[in-house]
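To keep things clear, I will list the structure first and then write my remarks on it.
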Amino acid sequence: MDTKELQKLAKLVRYYSLLASTEAGSGHPTSSLSATDLMVALLFGGYFRFDLNNPQYHNNDRLIFSKGHASPLFYSLWAAAGKLTEAQLKTFRKFTSNLEGHPTLRFPYTEAATGSLGQGLSIGVGMALNAKYLDRLPYNTFVLLGDSELAEGSVWEAMQIAAYYKLDNLIGIVDVNRLGQRGETMYGHNLDAYTRRVEAFGWKAVVVDGHDINKIVKVLDFARTVKSKPIMIIAKTFKGAGISFLQNNDDWHGKALKPEQFEKAVKELEPIDKKVRGKLMLPKKVQMPKPESKKTYNLQPTTYNLGDMVATRKAYGEALATLAAKDPRVVALDAEVSNSTHADLIKKTDPKRFFEMFIAEQNMVGTALGLSRRGKKPFVSSFAAFLTRAFDQIRMSQYSDADITFVGSHAGVSIGEDGSSQMALEDIAMFRSLLDSVVLYPSDAVSTQKLVELCAKNSGIKFIRTTRMETPVLYKATERFEVGGSKTLRKSNKDKVTVIGAGITLHESLKAYNELQKKKINIRVIDLYSIKPIDVATLKKAVLETSAIITVEDHYPDGGLGDAVASALSSSKKSIPIYKLAVNKIPKSGKPEELLKYEGIDAEAIVNQVLALRNTN
């Protein structure tokens, strides 16, 4: 479309943005107005290639609004393309509307839910990695960022990894409108400050007047020619641009116009051509390339014998390599600890499906979401303690229908000498808190192997907690596992107490069983490998057949295994006492067995608790 047509469209899009937010009585119209010319030029100037009738077409260009609060602009662009009516725009932010305050997948042209600032570029990295290295497709990924969110460290994590992987199919656009929520941003309109920083991170930076459509078009032309590095368009804009009483004025962030102010603004925009519609270039029709034929290893699952000493973290890596040999959708991302998490074993299957994300967990999670949105099954691994710093990215991914398996190794005090900074003691609670998440805690190599396979078959957010220490294999290769299941390893008709453990504490529970057998005391021992969903039926059976439950976990008491059991039994008709053995003291360095004893979660502590209950009764 020529410049005059684009300018007509920009007026219409501004009108739509103001209309939607005014009708809602809330929203971010001024943040939308500042980026209008940029986005109109991008979508309708012949640079963005997209099949409007097939939003999920594999070779569509991708558009991510990292500044998700500019949703009035986002929806107005699709209205200008003919996919929303003016009446539909008036439902913005209404309970029954798909046009939510920040974009979600309820609106079919949304690539990923955004709104928590600083995350969109990482998602874009994932989509660009997919195009360049996995699907080998020529689509581009565009990400609109606000200048305020460039204060977020996750943006710069994404910047450095995008340069490392030479993602010349990733184009960022920074809307430098100078004003944040409460005043001027860190660098205001100092475009040189942004340019220096962007280029220091290995990107090609291009500065443009964000309200001159002719210049924007030329910059987009230039962006097509940049090779071997990502491109960042740094646009000087004005918040509220196009409306005199809004433009570059502070204290308008997140405020809708009153009806009389809306009428005044419309008069400034007139004439408005409500019949003009933007045209999008269609993407090239290409078939999805077939996975390359590779010589593979570990095509059959690793065989483990009963009693073999194997760390579940190693079993995870071996299972992942086997899984990747069978399923080309499986990819691995690791935060520079892959020789400890054993995620690097996937390189034996196909090194191109392993992405080193370095020590940048927030970006790793966002990138995984981008890959997930393009049909991949990412397995994301690090020490479990360090996944907590990416919780906002993990939290946000649930609103994008993420299909990601998170694997946290080196969990709990049982890691030993490394000390408290390395001990994940909150991770189960963190992942349990997510709606419809799956939390798995295998105790041996066989159960790890089976649960990894289940995670690939099931969609959604899944967490596998693995152990640093080697532990004996408990199960035969023929043993079956299921999400929501458990295993009762010791049982009799004379059981007085049920002891429930997972991971390292299951082995302590089995040691306690052996000690109590010497005293002719029977206990039931349950491997609660699926903490969420939980095996309610088995737990209720234990309530009926024993007089007390003891939960044992290498985790803080709040939100962990014990709380999961107590919550599951809250509706049980019969009530029996539940005693929670958990990490209740600040841990320190020491031998694993010293720390388990110090925290009162070893076999001796279990035996003492059982004996105390027996003496009480």
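A few remarks follow.
- Converting phi to 3J(HN,Hα) with the Karplus coefficients 6.51, -1.76 and 1.60 and the offset θ = phi - 60°, the range 452-462 yields 4, 4, 5, 5, 5, 7, 9, 9, x, 8, 10 Hz in sequence order, with x at every glycine or proline.
- Shape class for the range 309-472: rounded, because the ratio a/c of the largest to smallest gyration tensor axis (alpha-carbon atoms, square roots of eigenvalues) is under 1.5.
- The H on the amide N of residue 207, modeled in the peptide plane, is under 5 Å from the matching H of 234, each at least 5 residues off or on a different chain.
- Rounded, prolate or oblate (a/c below 1.5 giving rounded, otherwise prolate when a/b exceeds b/c) for the range 487-616 by Cα gyration tensor: oblate
- Relative contact order computed over the chain (Cα-Cα under 8 Å; 6+ residues apart), in percent: 12
- The range 309-472 - share of DSSP beta bridges that are antiparallel (%, nearest 5): 10
- Rh by Kirkwood over Cα pairs, then Stokes-Einstein D for the range 78-233 at 1.306 mPa s and 10 °C, µm²/s: 94
- Reducing the range 566-606 and the range 144-197 to their Cα centroids gives an inter-centroid distance of 46 Å.
- For the range 160-289, a/c is not less than 1.5, where a ≥ b ≥ c are the root eigenvalues of the C-alpha gyration tensor, and a/b does not top b/c. That puts it in the oblate class.
- Two-site label geometry, residue 347 and residue 258: point separation in nm, points 7 Å out along Cα→Cβ: 6.5
- For peptides 230-239, 556-565, sequence by mean Cβ density within 10 Å, most packed first: 230-239, 556-565
- Here the range 3-269 was treated as a single set of alpha-carbon atoms; its pair distances binned every 5 Å from 0 give 1, 6, 14, 19, 21, 18, 12, 6, 2, 0, 0 percent.
- Size descriptor, Kirkwood hydrodynamic radius, that averages inverse alpha-carbon separations across the range 15-171, Å: 15.9
- Summed side-chain charge close to residue 100 - residues other than residue 100 whose Cβ falls under 14 Å, Lys, Arg +1, Asp, Glu -1: +3
- Ordering of 313-324, 434-445, 106-117, 475-486 by packing is 313-324, 434-445, 106-117, 475-486, highest average first (other Cβ atoms within 10 Å, averaged per residue).
- As a rough guide to protection, the peptides 370-376, 83-89 ranked by mean Cβ packing within 10 Å, highest first, stand as 370-376, 83-89.
- Share, in percent, of DSSP beta bridges within the chain that are antiparallel, nearest 5: 15
- Within the range 3-269, percent of DSSP bridges classed antiparallel, to nearest 5: 5
- Principal axis extents of the C-alpha atoms in the range 550-600 (largest first, rounded to whole Å): 43, 16, 13.
Just so you know, all these numbers are worked out from the coordinates, no wet-lab data involved. Because the structure is a prediction, the values reported are computed rather than measured. Quick reminder, even Gly has a Cβ in these numbers, built from the backbone with ideal geometry, and neighbours come from all protein chains shown.
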